[in-house]
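Trainee: Have a look at the structure that comes next, please.
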Amino acid sequence: MADPRYFQRQGPFRLAELAAICQIELSDPAAADLAIVDVAALETAGPGQLSFLDNKTYMDAFSASLASACIVERRYAAQAPDGMVLLHCDQPYRAFALVAQAFYPRPRPLAGISPAATVDATATLGPDCQVAAGVVIAAGVEIGARCIIGANAAIESGVILGDDCIIGAGVSLSHCQIGNRVTLHPGGRIGQDGFGFAIDPGGHVKVPQIGRVLIGDDCDIGANTTIDRGSMRDTLIGAGCWIDNLVQIGHNVELGRGCVIAAMTGISGSTTVGDFVAMGGQAGLAGHLNIGDGVQIAAQSGIMSDVPPGLTVCGSPAVPIKEFFRQVATLRRLARQQLHRGGEEQ
């Protein structure tokens, strides 16, 4: 059970209500009125709680679980313990996420501006915003309705936020326009200078960075992630992107819709990324590349050339993943042969 000091639980809900939220069917319609008070992992769930099975690795935990109900694919129904009510679904994890959101919804603002915040007279805030202590909101800022601005956040001149945004503690925003329902976790840096200069033996020459950062609706951007503003054009983050902690996105980068970027990834300037691209942790992308729609980039890969749509790549320099594993297998075989020869020579 989530610690109530940090998480406020809603409910209880009738099982039929939860099934309706994720549009799935109950294995036993007679259990429609069963009261569910919380969600929990298979191993820790008890009576009155709901869990899910999305990976057959946890089949033993599923079969032994004390949860009253579980979201599961129909093919695993026979392994369920006696008395457990099943909600059959082809995407159990997605359905569980929707149910968990019902119990633990997105935070709602506690409307009001802390007396310890500084808000310029020319800034405009929509209704029901929450502004914490230490926040600085500069001239000409426009903030939509029901936004939450965390302690010590700095929002510089001219920044625009849409409705229902959550800006974490210590975030700094400049030269940017942000859509609706965007979450920026603590320590994020959006809109700072891009890494632009002309190399000169007598001293490098700074190139003024006169673009913006434009972030679409429904993005989630992790703690201490940095997104540089554009140089001569804008840096673009498409709607629905999920960006992990400690990610660096350089100037003029364009991300399409629904991209997923894991921690410590770096994308160099002027690279264009298509829709629904996934990048594993510590991936590195060189500048001025084109990454096609649906590309998957494995963790720690180094991308040094364009990647066509739909390809999965791995390694540094990255190659198609099947080729990568053929290379690994070849190296292992050569290494074994070398060890064998060395043993014969001795």
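Trainee: Going by the alpha-carbon gyration tensor, a ≥ b ≥ c the square roots of its eigenvalues, is the chain rounded (a/c under 1.5) or, if a/c is not under 1.5, prolate (a/b greater than b/c) versus oblate?
Mentor: Details: a/c = 2.48, a/b = 1.08, b/c = 2.29.
Oblate, since a/c reaches 1.5 and b/c is not below a/b.
Trainee: Got a sec? How would Ile261, Ile24, Ile149 order by Cβ neighbour count within 10 Å, fewest to most? Write out the running numbers ahead of the final one.
Mentor: On the way: Ile261 27, Ile24 19, Ile149 30.
Fewest-to-most Cβ neighbours within 10 Å comes out as Ile24, Ile261, Ile149.
Trainee: Run the quick spin-label model on Gln338 and Glu73: label points 7 Å from Cα toward the beta carbon, then report their separation in nm to one decimal.
Mentor: For Gln338 paired with Glu73, the spin-label model returns 4.2 nm.
Trainee: A further question follows. Taking the Cβ of Asp234 as the centre, find all other residues whose Cβ is under 15 Å away and add up their charges (Lys, Arg: +1; Asp, Glu: -1). If you can, show how the numbers build up before the last one.
Mentor: Numbers: positive: Arg212, Arg229, Arg233; negative: Asp193, Asp228, Glu254.
Around Asp234, the surrounding residues sum to 0.
Trainee: Counting other C-beta atoms within 10 Å, which of Glu43, Glu25 has the fewest, and how do the rest follow? Before the final figure, lay out each step's value.
Mentor: Working: Glu43 14, Glu25 11.
The order, fewest Cβ neighbours first, is Glu25, Glu43.
Trainee: Rounded to the nearest 5, what % of DSSP beta bridges with both residues in region 1-108 are antiparallel? Don't jump to the answer; show the numbers that get you there.
Mentor: Numbers: 4 of 13 bridges.
DSSP beta bridges in region 1-108 are roughly 30 percent antiparallel.
Trainee: Can you give the % of DSSP beta bridges in the chain that are antiparallel, to the nearest 5? Working shown, then result.
Mentor: Details: 8 of 74 bridges.
The antiparallel fraction comes to roughly 10 percent.
Trainee: Mind listing the long-range amide H neighbours of Asp234? Cut-off is under 5 Å, sequence gap 5 or more, other chains count too, H placed in the peptide plane at 1.01 Å from N.
Mentor: For Asp234, whose amide H was placed from the backbone, the distant partners under 5 Å are Arg212.
Trainee: How far is the Cα center of region 142-180 from the Cα center of region 1-21, in Å?
Mentor: 29
Trainee: Return the distance in nm (one decimal) between the two label points of a simple spin-label model at Arg106 and Val136, each offset 7 Å from Cα along Cα→Cβ.
Mentor: 2.9
Trainee: Tally Lys and Arg at +1 and Asp and Glu at -1 over the other residues with C-beta under 13 Å from the C-beta of Ala31: what net charge comes out?
Mentor: Values: positive: Arg14; negative: Glu17, Glu25, Asp28, Asp33.
Charge balance near Ala31 sits at -3.
Trainee: Something else: Set the Förster radius R0 to 51 Å, insert the Cβ-Cβ distance between Glu17 and Ala121 as r into 1/(1 + (r/R0)^6), and round the FRET efficiency to 0.05.
Mentor: 0.65
Trainee: With a Cα-only, solvent-free Debye model of region 81-124, what are the log10 I(q)/I(0) values at q = 0.15, 0.28, 0.29 Å⁻¹?
Mentor: -0.64, -1.06, -1.09
Trainee: Could you work out the relative contact order of region 154-292? I mean the mean sequence separation of Cα pairs under 8 Å and 6+ apart, divided by the number of residues, in percent.
Mentor: Working: 462 pairs, mean separation 21.8, N = 139.
Across region 154-292, relative contact order equals 16 percent.
Trainee: Something else now. What value, in deg cm²/dmol to 500, does the helix sum -39500 (n - 2.57) over DSSP H runs of n ≥ 4 give at 222 nm once divided by the residues of the chain? Working shown, then result.
Mentor: Values: 4 runs with 50 residues, N = 346.
Value at 222 nm, helices only: -4500 deg cm²/dmol.
Trainee: Quick one: order Met232, Met279 by neighbouring beta-carbon count within 10 Å, fewest to most.
Mentor: Details: Met232 13, Met279 27.
The order, fewest Cβ neighbours first, is Met232, Met279.
Trainee: Kindly identify region 13-103 as rounded, prolate or oblate by the Cα gyration tensor criterion: order the square roots of the eigenvalues as a ≥ b ≥ c, call it rounded if a/c is under 1.5, otherwise compare a/b with b/c, prolate if a/b is larger, else oblate.
Mentor: Working: a/c = 1.33, a/b = 1.26, b/c = 1.05.
Rounded shape, in that the Cα axes give a/c under 1.5.
Trainee: Distance in nm between label sites at Val207 and Ala32, each 7 Å beyond Cα in the beta-carbon direction?
Mentor: If labels sit at Val207 and Ala32, their model points lie 6.4 nm apart.
Trainee: Something else about it: Skipping prolines and chain starts, which residues have an amide H placed within reach, meaning under 5 Å, of the one on Ser301, given they are 5 or more residues away or on another chain?
Mentor: Ala283, Gly284, Gly315
Trainee: Quick one: net charge of Gln91's neighbours, Cβ under 12 Å, K/R +1, D/E -1?
Mentor: Working: positive: Arg94; negative: Asp54, Glu73, Asp90.
Around Gln91, the charge tally is -2.
Every number in this text was worked out from the coordinates using simple rules, so none of it is lab data. Bear in mind that the values here come from a model prediction, so they are computed numbers and not experimental data. Quick reminder, even Gly has a Cβ in these numbers, built from the backbone with ideal geometry, and neighbours come from all protein chains shown.
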